Each structure stands twice: as C-alpha cells, then as structure tokens.
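So the structure is just underneath, and the comments pick up after that.
Just so it is clear, none of the values below were taken in a lab; they were calculated from the coordinates. Because the structure is predicted, anything quoted here is derived from the model rather than measured. Counting neighbours? That spans all protein chains shown, and the Cβs are built from the backbone with ideal geometry, glycine included.
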Amino acid sequence: MNRQKRIFDFKLDFTFAKYMELCKEILDSDYSVLTVEKYLMMAKRPDKFVIIRHDIDDDADLAYALKMAKFEAELGIATTYYFRTCKSVFKTDVIKEIAKMGHEIGYHYEVLGEAGGDYSKAIRLFETELTKFRDISNIKTIAQHGGPLRSGLNVVTLSGVVGILKCILQRKPIFDHWESKDLWKKYDFKKYGIIGEVYLSIDYSEVMYLSDTNRTWKDTSYRLKDRVGENHEKSTGVVIENTDGLIKKVKSETFQKLVILIHPSNWKESFWEWLTWFILQQVRNTGKRCLVAYWRMRKVGSRI
C-alpha cells in the first residue's frame, strides 16, 4: 500500500505531494515568495521572486485550499487566495481560517458577466460584493474570474450539473463571455482602496506567468480568459511539459520573476479522486474548445 501511495504521489502529475515538492523546491532555490499585495506595495522588489496565487472557483477547491494554506504556513510562506462571492464558494469560516494563517485574501470578481455586460450595474455589484468581503477581510487586490459559467454554476458536482440543467429549462443565461477586467477601462479600482488587479497591475513582459488551468502548464487552447497576453507563452520560448519540468526550471533558476496560478482542486491526494477529476477535466476541456470556437464565430459575425 505504501509503495502504491509513493507511485501515485510522485509518478503522476497534479498530486498534492507534487505541489508540496514544488513549494519546497522554490524555497530551496532561495526565491522570495510574495503575495500579490506585497509585490504591489514594495518600492524595491527582490531580483528573484515567486508569486503564488490560488483561485477558489468552486466548492471542490475549498478543502484543498485549506490543506494548501496550512502546508504553506508550515513552510513559513504566505500566498494569495482569491475567492468568488457565489454561495458555494464564499464560506466565511474558510476565508477567516486561511487569513488567520497569514495568507492574503483577494476578491475573485465576475461582475460584468453577472450584469450581462451592463457596466453601471456591474460597478454597483462590485461595490456591494467588495463591502461583503471587507466585513470579514481587508481586501487590497482583485482578480477577474475566468470561468465560462455565470452565477457560480459549475460542472464539478452533481448538484452543479443539476443547477445548470435547471437554468437551461428556465431559459436563464448560463455563459459568461465578458472580460470583467474591462470594467476598469471605464472606472478606477483605486477609488475603492484596491491597489491592483492581477491581470492589469503586473508587468508580464518581465514576469513569467504560469497557470495550472485545466491541469496543464502548456496547453492554453482551453483557456478562455486566463491569459496575460495574446502570445505570452509563445513569446517566452519556454514550454513546461509537466510539474516535474517546472520544478527543474525552478531548480535551475530559469525564471527570475514568476507568477504561478494554482487551482487547489487540481491537486489530488488519492488515486480515485485524481482519476475522477482527470475524466471530468477531459469533458470540461471539450466543452471549452466548443465555447472558444463559438465565441470566435460570434466575434467574426459581429464584424461582418
């Protein structure tokens, strides 16, 4: 049993043990680990740093977020956790517990999609949700949510699938193709005491950005909004095949400045959890490919 566990932990990618290995290598390689807030507040930044950012998108992320936060705190590092305000994710006890460990809590907003593209309605919703957050935590940074589904809908649980089917039957909108960060083309987030938005306030021409979205470091074709530039990955000339490859890059200090986006539910502790999530991810990726094709057709059609 122990031998099987070791094979699972270290031979397969995207296991919790593999995440632990990555964090330990970052520390052993002498990087400064920064929260997004600390990075933005520093007048002089270290020559070599890593920002670890977690997006808490679905209820499936919550348990693993707590495990990751505890492990990171034991290592003596603070990272950033962005929470959505939908009912299934906005759990005050979890948020408070992670904040108590010394981690930064941020607002994972999706207001332009929730407002159906209405900017005035979206900014009012932003103000309301930010106030809700600040009742329990001091929010200084924000990150737009990049998922394709509105209103906290998801396909990671049976209840989530049922919720989507109900919306379809009731003819309610379920997709969000808006970029909520476009809100700041009309408004100024600094007016609300926000010091930065992760997709807008970090200079990715000098900071390498890597994301575990869809449980892959290299294939961005499934990513709908989780991008920091049209050809960021291609322009760097670096391809990360797997987490072991990332660990090697960290060890060799290939990147001096790095942002790593982690979705906690991608990193499993048991084989059956891992296999179930792997199968589900393939279904989600197929759906995302179809959405990408559909949204591109809509954009082309709107120009004709």
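Observations
- Cα gyration tensor shape of the stretch 28-114, rounded if a/c is under 1.5, else prolate or oblate by comparing a/b with b/c: oblate
- Neighbour-count ranking [beta-carbon atoms within 10 angstrom, fewest first] of THR79, THR128, THR254: THR128, THR254, THR79
- Long pairs among LYS11/LYS48; LYS18/LYS191; LYS11/LYS70; LYS11/LYS96; LYS96/LYS181; LYS11/LYS87, criterion Cα-Cα beyond 31 Å: LYS18/LYS191; LYS11/LYS96; LYS11/LYS87
- Straightening the chain between GLU253 and GLU206 buys 15.4 nm, computed as 0.36 nm per residue apart minus the Cα-Cα spacing.
- For the stretch 87-99, 3J(HN,Hα) per residue [Karplus equation, 6.51 cos²θ - 1.76 cosθ + 1.60, θ = phi - 60°, Hz, x = Gly/Pro]: 4, 6, 10, 7, 9, 4, 5, 5, 4, 5, 5, 5, 5
- Difference of contour (0.36 nm per residue) and Cα-Cα distance, THR92 to LEU280: 64.9 nm
- Remark on ARG84: its backbone amide H falls under 5 Å from those of ILE56, HIS108, a criterion applied only to residues 5 or more positions apart or on other chains, H modelled at 1.01 Å from N.
- Additional length obtainable on full extension of the chain from TRP272 to LYS48, 0.36 nm per residue less Cα span: 76.9 nm
- Spin-label model distance (nm) - LYS24 vs LYS70, 7 Å beyond Cα toward Cβ: 1.8 nm
- Sequence-distant aspartates and glutamates (8 or more away, or on other chains) whose Cα lies within less than 13 Å of LYS190: GLU127
- With the highest mean first, a sort of the peptides 97-106, 131-140 on other beta-carbon atoms found within 10 angstrom per residue produces 97-106, 131-140.
- Put in line by how crowded their Cβ is, counting other Cβ atoms within 10 Å and starting with the fewest, SER120, SER88 read SER120, SER88.
- Shape call, the stretch 23-78: gyration tensor on alpha carbons, a/c limit 1.5: oblate
- Cut-off under 5 Å, modelled amide H: who pairs with LYS268 long-range: THR15, PHE16
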